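Scroll down for the structure; my scribbles are underneath it.
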Amino acid sequence: MSTETPVPTGTDDVNRYVTVANTPEFAELRRSLRRFVFPVSAAFLIWYALYVLLSAYARDFMSTKVVGHVNIALIFGLLQFVSTFLIAWLYTRYADRRVDPLADDLRAKIEGSPE
């Protein structure tokens, strides 16, 4: 019976990740991503909570007719979809300009280095 402990599969990958995660380039990549994700997520959640709260507690306001049978609640509900697509489009632009170049540089550095 051997006393050596077998090396778990994937240990090299874990060590590589830890090494990369501690680099300043990776920290900058995370900062760049968080600069967009956190404020936009907070804004969207506030916007969504406002819609839910108004629907629950300001029924008279939300049932105000704007045109024909279209009321404010319907407009706000549709704007939820619009804002979701807008955020996706804005993130795509942000990622193309700020996040992807950093990720590409980091990937090139990692793949170009000897193992």
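The values are calculated or read from the model by the stated rules, or taken from the named source; none is laboratory data. Just so you know, these numbers come straight off a predicted model, no measurement behind them. Cβ coordinates were reconstructed from backbone atoms using ideal geometry, including for glycine residues, and neighbour counts include every protein chain displayed. Just the protein is used for accessible areas: all its heavy atoms, side chains included, with ligands, DNA and RNA removed. Shrake-Rupley method; radii C 1.70, N 1.55, O 1.52, S 1.80 Å.
Quick notes on this structure:
- Residue count for region 64-79 satisfying the condition of being over 24 Å from Phe44 (Cα atoms) and either outside any strand (DSSP E or B) or not aliphatic (A, V, I, L, M) (or both): 3.
- Taken together, the residues in region 96-112 that are under 19 Å from the mean Cα position of the chain (by Cα) and free of Cβ contacts under 8 Å to residues at least 24 places away in the same chain amount to 5.
- Residue in region 95-112 that is farther than 30 Å from Val18 by Cβ, outside any strand (DSSP E or B) and open to solvent by 100 Å² or more (accessible area, probe 1.4 Å) present: no
- Inter-residue pairs, beta-carbon under 9 Å, first without any contact (Cβ under 8 Å) to a residue 40 or more places away in the chain and in region 48-72, second among the β-branched types (Val, Ile, Thr) and in a helix (DSSP H, G or I), 6+ apart: Leu54/Ile72; Phe61/Ile72; Met62/Ile72; Ser63/Ile72; Thr64/Ile72; Lys65/Ile72; Val66/Ile72; Val66/Ile75
- Output for region 60-93, where each listed residue is touching a helix residue (DSSP H, G or I) at 6+ places or on another chain (Cβ under 7 Å), open to solvent by 70 Å² or more (accessible area, probe 1.4 Å) and farther than 25 Å from Ser32 by Cα: Phe61, Val66
Results for (1) closer than 27 Å to Gly112 by Cα; (2) surrounded by 10 or more Cβ atoms within 10 Å (Cβ to Cβ); (3) modelled with pLDDT under 95; (4) of a type in the set (Asp, Glu), shown as yes or no for each residue.
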site	(1), (2), (3), (4)
Pro8	yes, no, yes, no
Thr23	yes, yes, yes, no
Val37	no, yes, no, no
Ala43	no, yes, no, no
Tyr51	no, yes, no, no
Ala56	no, no, no, no
